[in-house]
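Structure record follows, encoded as C-alpha cells.
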Amino acid sequence: MRNGLLLVLLVASPTRGGEPTLPSTLEAWLKPPPLLKPVVQNPVRSEAELRAYHLYALALVSDWPQEVFPDPKAVFLIGVLGQDTLGPALEALESRTAHGRPIKIVRSRDVMDLLRCQVVYIPPSEDQDLLPILRALRGHPVLTTGEHESHTQLGGIVRLILVEGSLRMEVNVRAAQEARLGFRSQFLKMVTRVAY
C-alpha cells in the first residue's frame, strides 16, 4: 500500500441470507464473477450492472458509526449525485438489504441532499465539480464512490475502474478513516494481498 491507496478486484460470490458472502481465498477473489443474477435479474452484465453490484458489495464490506442508524428501522441509503447512469440496475438493489436494513436509492442534483446517505456514487457527469463535491462530503460518514482518475487522490474513498469488462476498485483508506468508516477485516486481509 502506497499513500493509503489499495487496488482491489471485487467479485460476486454465493449468497447467505440474501447478502453475498465474502470469498475465503485470494483465488476466489480473482476468479471471473458469476452472473449478477442475485443482484439484478437480467443475465447480461452491463457496465451499469457491474457498477451497481460493486456499490452493493461495498455496502456489505463497510462499517459505519452507530449514530448513522439512530433508528432501528432506518433504511440503508445509496445516493446518486447528478445524472443517474445506473438506472434500473441500481433500482434492483431496492429489493436487497445491507446491514439488515432495506436499501433505498436517493437521487439528487444537490450534494447537500445526500449527506444522510451511507454510500454516494458520483457519476462522470459531475467530474467538473468533483473537488467541491468531495469537500462538501468530507467529515461525514459517507462512502464516496466515483470513476474520475483523481477520485481517490482528491479525497474520495473508492474509485471504480472498468478494465476489460471487469470492475476494479481503488480504495483510499485514509479518506475512509477520516469519514469514520471501516472495512470488514476479511475484506482488508484480502485487499492487502492485491495492493500496489
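Taken over the range 98-148, the percentage of Cα pairs per 10 Å bin, counting from 0 up to the bin with the maximum distance, is 23, 59, 17, 2.
Calculated FRET efficiency, LEU162 and GLN66, Cβ-Cβ r, R0 25 Å, to nearest 0.05? Present the calculation step by step, with values, prior to reporting the outcome.
Values: r = 34 Å, r/R0 = 1.38.
Given R0 = 25 Å and the Cβ-Cβ separation, E is 0.15.
Footprinting exposure proxy ranking of MET169, MET112, fewest other C-beta atoms within 10 angstrom first, gives MET112, MET169. Judged by the ratio a/c of the largest to the smallest principal axis of the C-alpha gyration tensor, the range 72-179 counts as rounded, that ratio being less than 1.5.
Read-outs: derived from the displayed coordinates by stated rules, not from any lab. If you're wondering where the values come from, they're calculated on a predicted model, not measured in any experiment. Glycine also receives a Cβ, built like all others from the backbone with ideal geometry; neighbour counts cover every protein chain displayed.
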